[in-house]
Amino acid sequence: MQKMRLVMVGHGMVGQRFLEQLAGRVDRDAVDITVFCEEPRAAYDRVQLTSFFAGKSAVDLNLVPERFFEDRGITLRLNDRVVEIDRDRRVVRSARYREVPYDKLVLATGSYPFVPPIPGRDRRGCFVYRSIEHLEVIRAAARRARVGTVIGGGLLGLEAAKALHDLGLETHVVEFAPCLMAVQLDEPGGRLLRRKIEALGVSVHTGKNTKEIVGGTGCAHRIMFADATTLETDLIVYSAGIRPHDELARAAKLTVGERGGVAIDEHCRTSDPHIYAVGECALWNGRIYGLVAPGYQMAEVAARHIAGDAEARFGGADMSTKLKLMGVDVASIGDALGTAPGSLDYVYNDPLAGVYKKLVVTSDGKALRGAILVGDAADYGSLLQMALNVLPLPQHPEDLSRPARAGARGGVGVDLLPDAALVCSCNGVSKGTLIEAVGAGCASLGALKKETRAATGCGGCGPLVKQILDCELKKRGVEVKNHLCEHFAHSRQELYHLIRIGGLKSFDAAIAKHGRGRGCDICKPAVASILASCWNEMILKPRHAPLQDTNDHFLANLQKNGTYSIIPRVPGGELTPEKLIVLGRVAKKFGLYTKITGAQRIDLFGARVEQLPHIWKDLVEAGFESGHAYGKALRTVKSCVGSTWCRYGVQDSVSMAIRIENRYRGIRSPHKMKMAVSGCTRECAEAQGKDVGVIATEKGWNLYVCGNGGMKPRHADLLARDLDDGTLIRYIDRVLMFYIRTGDRLQRTSTWLENLEGGIDYLRKVVCEDSLGIGAELEADMQKLVDSYECEWKKAIGDPAILKRFRHFVNSDAPDPNIVFVTERGQIRPARPEERAEETEEAA
């Protein structure tokens, strides 16, 4: 059977989604796929482009799974633009490649930024905001600029303004319409959004008709407006809308719209049945969709139809959207402007709280047609489902427009939603798909996200997805619980509160009051961690020692050959010559392997258990402290040299790193923590891959949280910007104590945040806005831990009872005879099995 030859032109977000959908429906051996991409890199997340300026790289934004093309036999041609479609011969010709024949052709060419026909629009220092390449050029230009201006105050314009603001420029937004986001918001909503954005330091100019751009006096450019006013700026970014890339279609005589766009039918076919179009280049029913979710729906329809599903149809898409613009929650649902005849409005406006809500309902008040949410979009998921599925409104619809009192109302009743209800518009996931996934074994939110992709886009549907999961599990007779283990019918979070509030000081007291049995290897270390987090007692006290795992039991990391590692704390990486000499002397005295770590500390490997107290006695006398490399605690705070030495540094990162490390050393938490402080945005300390990352700005410090550079790397989220020293420490106190209180057993901060309902937005409200009213309490708890800190090794070597445990045999002081070393590169290392065998034979 001859393979179907499929060619796709364009490889953006929608193009990649099409390939994934098709790959799941056709056999690899049944289709030969060639993909042409004009850009130098494969598909990446354009929705998150602004995060490129916050430290994310092109790799972070990549959307293509590892080996996706190789495993499916797909040919990807980067940097190769298709210049012609020959419909008669069914071939495409590219700029760098021979002609490629096709049986089916998919146009996923996307769109390009519209640049208004303004005299002077192509002056040096004027840019568009569309690709990573554009962003790299803008970033380079920003280093030579002081003032940046965005022409366009819509969704993309405000994203571009955030980018310029993140680059440290004095930022202006120029909009022709009388308010920001005129397509999605009414005048009061736009006015509130403007006020919030201006409060962040961005100047907004609405109702401005740009007539010409000329040379400036104080800056590189002067923007001339029709009302005779002007604005001087060094850098200009155009973001005044998009236009479909339909040049190929036009040249091939495909039907296009009067204002552009390749006309498609319900199967996403163009006027040529062998050619499909998806995404922002496609025109359906006279409309171009400028959001990614409709493009994903088109991609699925086209893939299904090409794979033989004649019933696959695109019937339009909902344009509702929820996003965060420069830290401001904004959402628009359905007929947000109330254009349908007979529409009624319910409006809530609290200018002091910065919240505006507008509900558009039918004339009888029984159905929701649309909504606008500015400043508080927590009800987006429920309101969207009410609008999409025509769910009945409550007796008093105006209640939905008011802020909910705690416990006053919940979300939409998930049982009322039909199975066809679209829960995740970003990825086209229906309620029925979620139910099927739960039935197939997905019993956690993480598993459900991985299987269906729901809540992995904008994240707005996350709470609703969790409601559906819990509801379906209960229907299947699965008790929704998160017990620590069989001995404690409580979660770690609940157990933390019970121990804290009850003043319980031992495992025996905790299990007697709140558990049953004798405990296990799960609950004992978990309770030990909670006790340490609450009371900070020496973990090797007789009542605590039996609870510890192997590493904590000996205050050292066990290595593969039964020896232990010694890792003293070196705050900020600063090490005096005297201390450096001590480390060398100790390593030489006890024959240890030495290595400088990637976290600015020095490892000493190869210590036998009975040697540990003797080694630490020498180190403690020299002023070293335990580095807690063995504990679920703070490991280290990495730093660059900062403004003290570096010509790029804007703050003293070393001093701040030392301050942070000395404050949080020894504090036990659900999992280990790593931190870093960078002295500028060049990020030499890699702070955005840490549990707590601090990056210096000219105005203070930006605080990033819940990153992870381990097995599953996660980029940290920006919690707050431009903080002074005191506020930075206060916010870190709150984040850490909130994590200690609410994190699950052995849960990294990255996973904790991903599972935290409301995510970074909720955490920001708790930490920065003190929405729960517990800020002072969290700070006080942290201060108690800081004040009660003692070096565990200093305590251990002064306690004869503790020292007795450091021996290999219970009834003998003899060392472990099975520890064998060999010399390599002038140092010891554990012997390999064959080397151990040779030594055994020689001894015999």
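Annotations for the structure displayed:
- Qualifying residue in the stretch 747-770 (condition: open to solvent by less than 10 Å² (accessible area, probe 1.4 Å), within 24 Å of residue 658 (Cα to Cα) and under 14 Å from the mean Cα position of the chain (by Cα)): yes
- Identity of the residue in the stretch 517-573, among the basic types (Lys, Arg) and in contact with a strand residue (DSSP E or B) (Cβ under 8 Å, 6 or more places away or on another chain), that ends up farthest from residue 832 (Cα to Cα): 569
- Given (1) closer than 24 Å to residue 182 by Cβ; (2) open to solvent by 10 Å² or more (accessible area, probe 1.4 Å); (3) of a type in the set (Gly, Ala, Ser), number of the condition residue 251 does not satisfy: (1)
- The lone exception for residue 729 - which of (1) more than 19 Å from residue 775 (Cβ to Cβ); (2) in contact with a helix residue (DSSP H, G or I) (Cβ under 9 Å, 6 or more places away or on another chain); (3) not aromatic (Phe, Trp, Tyr) it fails: (1)
- Some residue of the stretch 563-572 being open to solvent by 30 Å² or more (accessible area, probe 1.4 Å), assigned to a helix (DSSP H, G or I) and closer than 20 Å to residue 602 by Cα: yes
- Applying a threshold of 6 Å to beta carbon distances and a minimum spacing of six or more residues, or different chains, the list of pairs starting in the stretch 739-768 at a residue that is at pLDDT 90 or above and ending at one that is buried (at least 21 other Cβ atoms within 10 Å of the Cβ) and small (Gly, Ala, Ser) reads 740/533; 740/669; 752/743.
- Within the stretch 23-46, the set of residues being surrounded by 22 or more Cβ atoms within 10 Å (Cβ to Cβ) and either within 23 Å of residue 59 (Cα to Cα) or modelled with pLDDT under 95 (or both) comprises 35, 36, 37, 43, 44.
- Cβ pairs under 9 Å, 6+ apart, first in the stretch 79-94 and within 18 Å of residue 4 (Cβ to Cβ) and modelled with pLDDT of 95 or more, second of a type in the set (S, T, N, Q) and surrounded by 14 or more Cβ atoms within 10 Å (Cβ to Cβ): 92/34
- Among the residues of the stretch 661-688, those identified as open to solvent by 50 Å² or more (accessible area, probe 1.4 Å), farther than 30 Å from residue 535 by Cα and not β-branched (Val, Ile, Thr) are 682, 684, 686.
- Candidate set from the stretch 301-317 (those that are of a type in the set (Gly, Ala, Ser) and more than 19 Å from residue 103 (Cα to Cα)); member that is most open to solvent (accessible area, probe 1.4 Å): 315
- Condition met for residue 506 (of a type in the set (S, T, N, Q), in contact (Cβ under 8 Å) with a residue 60 or more places away in the chain and open to solvent by less than 60 Å² (accessible area, probe 1.4 Å)): no
- Positions within the stretch 596-645 being in contact with a Phe, Trp or Tyr (Cβ under 7 Å, 6 or more places away or on another chain) and β-branched (Val, Ile, Thr), in sequence order: 609, 615, 620
- With respect to the conditions (1) within 27 Å of the chain's Cα centre (by Cα); (2) of a type in the set (Ser, Thr, Tyr); (3) open to solvent by 30 Å² or more (accessible area, probe 1.4 Å), residue 321 lacks only one, and its number is (3).
- When the test is whether a residue is at pLDDT 90 or above, part of a strand (DSSP E or B) and under 22 Å from residue 689 (Cα atoms), residue 733 does not pass it.
- Any hit, the stretch 480-496, residues being on the phi > 0 side of the Ramachandran plot and at pLDDT 90 or above: no
- Taking every residue in the stretch 19-47 that is closer than 15 Å to residue 303 by Cα and in a helix (DSSP H, G or I) and pairing it with any residue that is modelled with pLDDT of 90 or more and among the basic types (Lys, Arg), at least 6 positions away or on another chain, the pairs with Cβ-Cβ distances below 7 Å are 23/72; 28/72.
- Remark: pairs (first residue in the stretch 669-688, within 17 Å of residue 644 (Cα to Cα); second residue of a type in the set (Phe, Trp, Tyr); Cβ separation under 6 Å; 6+ apart in sequence or on different chains) = 680/648; 682/648.
- Condition broken by residue 398, with the remaining ones in (1) closer than 21 Å to residue 332 by Cα; (2) at pLDDT 85 or above satisfied: (2)
- In the stretch 573-605, the residues that are of a type outside the set (Lys, Arg), surrounded by 15 or more Cβ atoms within 10 Å (Cβ to Cβ) and part of a loop (DSSP other than H, G, I, E, B): 575, 592, 597, 599, 600
- Answer from 71, 88, 60 - the residue that is assigned to a helix (DSSP H, G or I), out of contact with any Leu (no Cβ under 9 Å at 6 or more places or on another chain), open to solvent by 40 Å² or more (accessible area, probe 1.4 Å) and farther than 19 Å from residue 134 by Cβ: 71
- Here residue 5 passes the criteria (1) without any contact (Cβ under 8 Å) to a residue 24 or more places away in the chain; (2) under 23 Å from residue 298 (Cβ atoms); (3) open to solvent by 70 Å² or more (accessible area, probe 1.4 Å) except the one numbered (1).
- Candidates 776, 837 - the one that is more than 44 Å from the chain's Cα centre (by Cα) and open to solvent by 40 Å² or more (accessible area, probe 1.4 Å): 837
- All of (1) over 29 Å from residue 746 (Cβ atoms); (2) touching a helix residue (DSSP H, G or I) at 6+ places or on another chain (Cβ under 7 Å); (3) in contact (Cβ under 8 Å) with a residue 60 or more places away in the chain hold for residue 613 with one exception: (1).
- The condition of being open to solvent by 20 Å² or more (accessible area, probe 1.4 Å) and at pLDDT 90 or above holds for residue 658.
- Taken together, the residues in the stretch 611-655 that are surrounded by fewer than 24 Cβ atoms within 10 Å (Cβ to Cβ) and hydroxyl-bearing (Ser, Thr, Tyr) amount to 4.
- When the stretch 278-328 is filtered for residues that are assigned to a loop (DSSP other than H, G, I, E, B) and β-branched (Val, Ile, Thr), only 278 remains.
- The stretch 509-561 - residue that is β-branched (Val, Ile, Thr) and open to solvent by less than 50 Å² (accessible area, probe 1.4 Å) and, of those, modelled with the lowest pLDDT: 539
The values are calculated or read from the model by the stated rules, or taken from the named source; none is laboratory data. None of the values given here were measured: they were computed from a predicted structure. Backbone-built Cβ (ideal geometry, glycine too); neighbour counts: all protein chains shown. With ligands, DNA and RNA removed, areas are computed over all heavy atoms of the protein, side chains included. Shrake-Rupley method; radii C 1.70, N 1.55, O 1.52, S 1.80 Å.
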